[in-house]
1. Heavy atoms only, probe 1.4 angstrom, no DNA, RNA or ligands counted: give me Ser111, Ser269 ranked by accessible area, highest first.
2. Amide H to amide H under 5 Å from Phe185: which residues, 5+ apart in sequence or cross-chain, H placed 1.01 Å off N in plane?
3. Relative to the longest principal axis of the C-alpha atoms of the chain, give the angle of the C-alpha long axis of helix 142-155, reported between 0 and 90° and rounded to the nearest 10°.
4. Identify which of Ala25, Ala266, Ala123 has the largest mean-square fluctuation in a Gaussian network model of the chain, with springs joining Cα atoms closer than 10 Å.
5. As a test of understanding, state the convex hull volume per residue of the stretch 119-236 from its alpha carbons, in Å³.
6. Convert each backbone phi in the stretch 189-196 into a coupling constant with the Karplus relation 6.51 cos²θ - 1.76 cosθ + 1.60 (shift: θ = phi - 60°), then list the ³J(HN,Hα) values in order as whole Hz, x for Gly and Pro.
7. Quick one: Cα centre-to-centre distance for the stretch 109-131 and the stretch 228-268, in angstrom?
8. Using just the helices of the chain, give the 222 nm mean residue ellipticity in deg cm²/dmol: DSSP H runs with n ≥ 4 each add -39,500 (n - 2.57), and the total is spread over all residues, rounded to 500.
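The values are calculated or read from the model by the stated rules, or taken from the named source; none is laboratory data. Just so we're clear, the structure is a prediction, and the values are computed from it rather than from any experiment. Heads up, the Cβs are rebuilt from the backbone with ideal geometry, glycines too, and the neighbour counts pull from every protein chain shown. Only protein heavy atoms, including side chains, enter the accessible area calculation; ligands, DNA and RNA are left aside. Shrake-Rupley method; radii C 1.70, N 1.55, O 1.52, S 1.80 Å.
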Amino acid sequence: MTALADWMQQCGLDRRDAQVLVAAALGLSRAQQMAHPEHPLETTDLARLNVLASRVRAGEPVAYVLGEKEFFGLTFQVGPDVLIPRPDTELLVECALHRLDALPTADSPRSVLDLGTGSGAIAVAIAHARAAVQVWAVDVSDAALAVAQANARRLLDPQRAGGAIHFVQSDWFAALQNCEPASRFDCIVANPPYVAQGDPHLAALRYEPALALTGQHPSPTGLDDLRRIAAQAGAFLRAGGWLLLEHGWDQAAAVGALLTAQGWEAVSSVNDLAGIARVTAARWPQKVPHAPKIG
Ligand SMILES: C[S@@+](CC[C@H](N)C(=O)[O-])C[C@H]1O[C@@H](n2cnc3c(N)ncnc32)[C@H](O)[C@@H]1O
């Protein structure tokens, strides 16, 4: 019978991916795998592991092979209709929670809008972490919204004070214009498509939806959706509310400049653990500089 350690050596995967597959397929934690490398693999287990490993060797992300990905301490179901949530995006959630907590206490519940919710990772993580916050989540993709709704149902307490997440199919803000009363949010968060058309990294991301990476209208800079959101978000924020945008590793200066040009204040970028500016935050002023464009 093949020992676990031998399969690990022969499977052609990096060690971490192999351990994640074994954990999911056999229910053996990484600690158990490391403590018992001699663990014998039954023929059926071996066959199952080999099928999973061949998909990963062919380039399919482990998260799609397993159908799940951990994000902000929660296990999200994922599939080809949604971007796999990235650890970098946890910074966006942390920034949102930090700003929500710093707002003065109010009579009405706090509200957050997640634009381009995908798997629901950001919206569900915020709703899970702050039970009283009302959360709205938008995506243009019906298939993505179905995944996000299923994750919300599985991961959130049905009795949470903020209620169920409001999911809306919309091209950014288009369908929100008639949604009252939550049209004035305390915080808007977005991890929109920002990969430039023709970016060489797209080849390695071929299993993920193009809509999530380059958007409906791919652009040479990848900044078009960030610009549209920045131009429209002020109309949906309370005065003093925050817009938090995730962007590419080299886009912070451009995003900061377009926010400043559109009248946002307190524009600043936040670094991820690798020291890369990943999130840019901006506050909608008390005194509105101009009527933001809708549409
Ligand atoms: C980069 S993914 C982010 C997914 C998820 N929020 C996350 O962080 O893992 C961008 C999401 O924006 C959605 N999207 C793209 N264009 C859109 C649009 N015009 N309006 C609304 N959502 C859009 C995509 O379907 C995709 O789910």
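1. The ordering from most to least exposed comes out as Ser269, Ser111.
2. Here Leu237, Arg238 satisfy the definition.
3. So the helix axis and the longest Cα principal axis differ by about 80 degrees.
4. In this elastic network of the chain, the residue with the biggest mean-square fluctuation among Ala25, Ala266, Ala123 is Ala25.
5. 107 Å³
6. 10, 8, 10, x, x, 9, 7, 5
7. Spelled out, the Cα-based centre of one part sits 19 Å from the other.
8. When only DSSP H runs of four or more count, the value is -10000 deg cm²/dmol.
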